[in-house]
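Student: Dropping the structure in here first, questions after.
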Amino acid sequence: MSTVGVPPVAANLAGCAEPPVETRVLHERGQREVFCGLAGIVWLHRKIQDAFFLVVGSRTCAHLLQSAAGVMIFAEPRFATAILQDRDLAGLADCNEELDRVVSELLARRSDIGTLFLVGSCPSEVIKLDLETAAERLSALHDGRVRILAYTGSGIETTFTQGEDTCLTALAAEMPVLPTGQRSLLVLGSLPDVVEDQFARLFAELGIAPVHFLPPRRASDLPPVGEGTLLLAAQPFVGDTVAALQERGAKLIKSVYPFGIEGTRAWLGAAAHAWGIGAEHVAAVIAAPVARAERGLARYREQLAGKRITFLPDSQLEIPLGRFLARECGMQLVEVGVPYLDRRLLSDELALLPSGLRLSEGQDLELQLDRLRDDRPDLTVCGLGLANPLEAEGLSTKWSIELVFTPVHGFDQAPDLAELFARPLNRRQRLAL
Ligand code: SF4
């Protein structure tokens with residue numbers, strides 16, 4: 001993987017030596033408790049406004065989508081499930097014929113669809129339904145009127161944020177070529193529009209242009225990619241997308257992630273450094289938002305300092321969020337669990353974790369719960385399925401999926417991010433009074 005080597009830009013990052021993480025990672029394999037990649041449709045369909053997501057799956061997949069995304073009553077939803085029936089699963093029906101019929105009916109009814117994603121699931125993978133070939137066939141059938149792409153949201157061996165990574169990888173193959181001699185910055189990972197707008201303004205003030213975001217707000221506006229593209233990951237779960245774009249000549253800017261003041265400063269600084277912009281100009285541009293964020297963060301730091309927190313593996317955001325909570329809020333990390341440790345995208349973050357931390361990769365649920373019960377941290381960040389049983393055992397919890405839905409990146413969101421962790425602690429305190 002080619003990267004743009006960037007030395008630590010922010011003064012407060014300088015001098016951080018990488019701890020001997022290798023020796024301290026607890027690797028686990030066993031029963032896991034995570035959502036599947038279909039969950040990504042919940043935020044992707046809001047972000048990419050001309051896209052439709054057609055899951056090819058079972059009734060379970062349909063239920064998951066409807067309960068996670070809610071049922072829209074007044075608007076036509078931009079996601080649906082083509083349910084594989086028993087006859088399909090038993091190989092008695094031609095699934096491709098059925099799929100062609102469902103897609104034709106959908107496109108006849110919905111002229112607003114610019115890009116249609118066929119989303120694979122566990123059932124479609126088990127019966128080896130080749131959705132990529134189906135997407136090519138359907139694109140030809142509909143004469144290029146609609147771009148039809150396929151990606152997998154299956155829960156086999158994946159966690160829920162990987163659905164976004166596979167979706168963006170499918171889009172990466174469609175991106176136009178950046179002309180030779182031009183350069184651009186490409187920010188990877190979906191961000192709420194309000195956060196994207198803030199970052200776009202900061203990049204403009206820094207003098208970095210053009211800046212594109214993947215995913216874009218409209219799939220018909222796919223940004224270009226080529227030798228002059230610098231990649232800046234805003235989310236730590238876009239490893240396959242990065243690899244696909246590097247195949248097309250793009251270079252990755254190494255950085256931590258824009259969570260908290262320190263992370264956002266370093267992230268913008270890394271982009272500026274790669275663009276050839278000096279640290280003094282960066283400091284001047286970010287001075288006002290940094291001061292605002294510091295004022296907002298102060299009250300939450302008081303509430304969070306000294307509190308013990310455990311992350312169970314779920315979203316892939318655990319390491320950057322743990323770094324933010326430890327270094328900027330004074331929390332004590334008891335255990336940080338990640339579904340998988342992607343060192344390509346997390347090496348700068350690993351270097352900032354406190355020494356002696358228990359870092360675990362993968363999951364063996366019962367063993368992890370045993371450790372949690374021994375540790376009894378003040379707060380546990382976990383998936384929805386574990387939160388209620390743990391609350392019943394007297395442990396305060398935070399849903400990790402909420403951290404993906406909520407605007408939490410950037411300077412202006414740093415106090416909101418801290419507040420998300422302070423809220424369950426305050427609730428527990430009030431209940432105890
Ligand atoms: S894709 Fe797999 S894990 Fe996800 S809802 Fe469907 S069957 Fe369940």
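Here, each number is a calculation from the coordinates, and none is a lab measurement. Treat the numbers as computed from the prediction; the structure is a model and nothing was measured. Virtual Cβ from ideal backbone geometry, glycine too; neighbours counted across all protein chains shown.
Student: Can you work out the FRET efficiency for the pair residue 105 and residue 376, with r the C-beta to C-beta distance and R0 = 56 Å, to the nearest 0.05?
Tutor: 0.55
Student: Can you check what the net charge comes to around residue 376, using other residues whose Cβ is under 11 Å from the Cβ of residue 376 (Lys, Arg +1; Asp, Glu -1)?
Tutor: Around residue 376, the charge tally is -1.
Student: Using the membrane-span-like helix rule (whole DSSP H runs, Cα extent along the own axis of at least 27 Å, mean Kyte-Doolittle hydropathy at least -1.0), which helices of the chain qualify?
Tutor: 279-304, 414-432
Student: Exposed loop GluC sites (Glu not before Pro) only (DSSP loop, at most 13 other Cβ atoms within 10 Å): please give the longest stretch of the chain free of them, not including the sites.
Tutor: 175-392
Student: Evaluate the distance, in nm, between pseudo-label points positioned 7 Å from the Cα of residue 204 and of residue 136 along their respective Cα→Cβ axes.
Tutor: That separation, rounded to one decimal, is 4.2 nm.
Student: Per DSSP helix of 4 or more residues, -39500 (n - 2.57); summed, then divided by the residues of the chain. What does that give at 222 nm, rounded to the nearest 500?
Tutor: That calculation yields -14000 deg cm²/dmol at 222 nm.
Student: Equivalent ellipsoid semi-axes for the chain, as square roots of 5 times the alpha carbon gyration tensor eigenvalues: give them largest first, rounded to whole Å.
Tutor: Equivalent ellipsoid of the chain: 35, 29, 19 Å, largest first.
Student: Sticking with this one: Could you give the alpha-carbon Rg of region 83-226 over 2.2 N^0.38 Å, rounded to two decimals?
Tutor: Ratio of Rg to 2.2 N^0.38 Å for region 83-226: 1.25.
Student: Kirkwood Rh over Cα pairs of region 329-368 into Stokes-Einstein at 20 °C, 1.002 mPa s: D in µm²/s?
Tutor: Value of D from the Cα-based Kirkwood radius: 187 µm²/s.
Student: Report the local net charge at residue 232: Lys and Arg +1, Asp and Glu -1, summed over other residues whose C-beta lies under 15 Å from its C-beta.
Tutor: +2
Student: State the Cα centre-to-centre distance between region 166-196 and region 368-398 in whole Å.
Tutor: If you average the Cα positions of each part, the centres end up 37 Å apart.
Student: Same structure again: Enumerate by residue number the chymotrypsin sites (Phe, Trp or Tyr not before Pro) in region 73-180 meeting two conditions: DSSP loop (anything except H, G, I, E, B), and at most 10 other Cβ atoms within 10 Å of the site's Cβ.
Tutor: When the chymotrypsin sites (Phe, Trp or Tyr not before Pro) of region 73-180 are filtered for loop state and at most 10 Cβ neighbours within 10 Å, 74 remain.
Student: Sticking with this one: Compactness ratio of region 184-281: Cα Rg over 2.2 N^0.38 Å, N = residue count?
Tutor: Taking N as the residue count of region 184-281, the ratio is 1.00.
Student: Starting from the exponent 0.38 and prefactor 2.2 Å, build the expected Rg for region 37-158 from its residue count and divide its actual Cα Rg by it.
Tutor: Ratio of Cα Rg to 2.2 N^0.38 Å: 0.99.
Student: When the Cα centres of region 199-231 and region 318-332 are compared, how far apart do they sit, in Å?
Tutor: Cα centroid to Cα centroid, the span is 29 Å.
Student: Right, here's the next one. Within 10 Å, count the other beta carbons around each residue, average over each peptide in 175-181, 206-212, and list them highest first.
Tutor: Going from most to least packed, we get 206-212, 175-181.
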